[in-house]
Amino acid sequence: MRLTASYVPIFVARVGSGASAFLVVKLASGSSLEAGVVLAAYPFLEALGALVAGRWSDTLGRKKTLVAGYVVRSAAMLLLALAFYMHNSPALVGFLYGVIGLTTAFILTASLTMATDLTEVKNRGVGMGGFELVNLGSYGVGYLVGSALYTMLKGPAAYLAVALFTAMATPVFAKFLEETRPAAPTGGRFLLSVLPPSAVVLLPVWFALTTIIGLGVFAPRVLQVGQGVGGVGEKIVGRLGESLAVGLLFVGALALLGAGALFFGRLVDRWGRLKTFRLGLAGGFAALLVLNIALHVGLGPLEAIAITAPLLFLTSAIGPSILALIGDEADVRYRGTTMGIYSVVLGLGIGIGSLIGGAVATVSQQYAINGIAAAALAVYAAMAALHIALARTNGLREAALSGPR
């Protein structure tokens with residue numbers, strides 16, 4: 001029950017994050033490149049915030065760190081809603097969106113550290129898979145909520161509704177969430193000195209995956225779900241509208257990844273960390289290859305993603321494998337600092353993905369979706385190659401990384 005409760009804060013936060021991602025890309029003024037920069041402010045500041053949040057989780061306590069993040073984040077979201085009403089400049093929107101990202105890192109890192117505290121080696125894979133399910137699934141739910149609000153309200157009122165939802169949730173966590181560990185001594189170490197070397201070898205692929213999520217976050221700026229030769233997307237758009245159809249597509253993809261994370265989290269515990277990771281690595285490469293081929297032959301985004309779905313499911317093995325490994329090897333005293341790597345990689349990847357998406361859309365406006373898919377494949381291939389090189393250098397073996405049988 002306590003493990004399930006530790007997932008609730010990240011559920012609420014990610015619903016808000018998903019809705020924000022859709023609404024900001026729709027409401028922000030400026031060009032595609034400016035929109036990419038605005039979107040990148042959130043994840044880049046989230047990566048920076050994670051370095052502080054992990055430290056605070058250890059020295060001040062998980063709960064205090066989480067509640068502090070919620071209070072400041074709620075205020076920033078309300079100010080951003082006001083900015084959309086009063087003065088919608090890319091600079092102001094980017095600044096406030098960055099503050100929201102910075103404070104989200106406190107929620108994410110503290111919640112993940114709580115979940116790690118409440119699991120053991122024998123069930124850590126499924127515990128981390130559960131966290132990934134909630135993290136990705138609630139982001140997708142938020143994305144769908146944002147698209148629905150935009151369809152109904154059209155303007156800043158949609159973002160104000162999301163901001164009020166987050167603000168009203170804050171007192172719940174302040175009152176009912178329980179601390180999982182006492183605060184550690186203040187004299188500790190920082191992230192790079194506590195991160196297990198074996199985990200570093202696996203991080204390039206994780207970075208690639210989060211970069212692809214960033215490309216996906218930018219995609220609604222240029223995505224036309226109804227395009228393609230199949231006609232299925234056109235019928236769906238005709239019934240639901242473009243914005244809601246995009247939201248459904250995005251939530252479907254993230255829900256698939258989240259469900260896969262829970263499934264493969266159990267496999268991580270029974271089959272081994274590294275074997276499960278390699279299965280996800282192969283699935284990700286195959287998924288992106290099939291996606292690019294499908295778009296190249298003229299299929300619409302909806303049809304292309306439907307074909308890719310089984311391989312996308314395999315990709316979800318990556319997250320719980322890495323989280324379980326890091327949780328196993330992290331020093332308990334500095335577990336918050338160590339688990340901060342999750343937000344660091346997530347933030348950097350999504351930020352860079354947003355920038356790449358904006359650049360691709362600017363250079364190739366007519367074929368922006370095809371360009372984004374090609375960029376995703378290129379990033380993934382490069383990071384997979386780096387992972388293989390690091391693995392050979394460090395001589396990783398399954399016996400050193402696997403969980404209990």
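Just so you know, all these numbers are worked out from the coordinates, no wet-lab data involved. No experiment lies behind these values; they were computed from the predicted model shown. Neighbour counts are summed over all protein chains in view; Cβ atoms, including those assigned to glycine, are modelled from backbone coordinates with ideal geometry.
Using θ = phi - 60° and the Karplus form 6.51 cos²θ - 1.76 cosθ + 1.60, what ³J(HN,Hα) does each residue of region 170-177 get, whole Hz, x for Gly and Pro? Along region 170-177, the couplings run 4, x, 4, 5, 4, 8, 9, 6 Hz. A straight Cα-to-Cα reach below 23 Å connects K64 with the lysines K175, residues fewer than 8 places away in its own chain not being considered. Once the chain from L92 to R2 is taken as fully extended at 0.36 nm per residue, the excess over their C-alpha distance is 28.5 nm.
Maximal additional length on extending the S364-K275 stretch stands at 28.2 nm, based on 0.36 nm per residue less the C-alpha distance. The order of M128, M86, going from fewest to most other C-beta atoms within 10 Å of their C-beta, is M86, M128.
Estimate the FRET efficiency between E329 and A378 by the formula 1/(1 + (r/R0)^6), using the beta-carbon distance for r and 35 Å for R0, to the nearest 0.05. Working from the Cβ atoms, E equals 0.65. Got a sec? Charge dipole of the chain, +1 on Cβ for Lys and Arg, -1 for Asp and Glu; which of A13, A41, N370 is way out at the positive end? Farthest towards the positive pole: A13. Among D269, D331, a tally of other beta-carbon atoms within 10 Å of each Cβ gives an order, fewest to most, of D331, D269.
Using R0 = 22 Å, the C-beta based FRET efficiency linking E120 and A183 works out to 0.50. Once the Kirkwood radius over Cα pairs is known for the chain, the Stokes-Einstein relation at 37 °C and 0.692 mPa s delivers a diffusion coefficient of 157 µm²/s. Take 383-391, 314-322 and order them by the average number of nearby Cβ atoms within 10 Å per residue, most first; the result is 314-322, 383-391. Between R392 and S31, how high is the FRET efficiency from 1/(1 + (r/R0)^6) when r is the Cβ-Cβ distance and R₀ = 56 Å? Nearest 0.05. The formula returns an efficiency of 0.85 here. Split the chain at each of the GluC sites (Glu not before Pro) in a DSSP loop with at most 12 other beta carbon atoms within 10 Å, and the longest piece is 179-405. If only the Cβ of Lys and Arg carry +1 and only the Cβ of Asp and Glu carry -1, the dipole of the chain around its Cα centre is close to 600 debye.
Estimated at 0.36 nm per residue, the fully extended path between V172 and V200 surpasses their Cα-Cα distance by 6.4 nm. Please list, or write none, the aspartates and glutamates whose alpha carbon is within less than 14 Å of the alpha carbon of K26, excluding same-chain residues fewer than 8 places away. Partners within reach: E34, E242.
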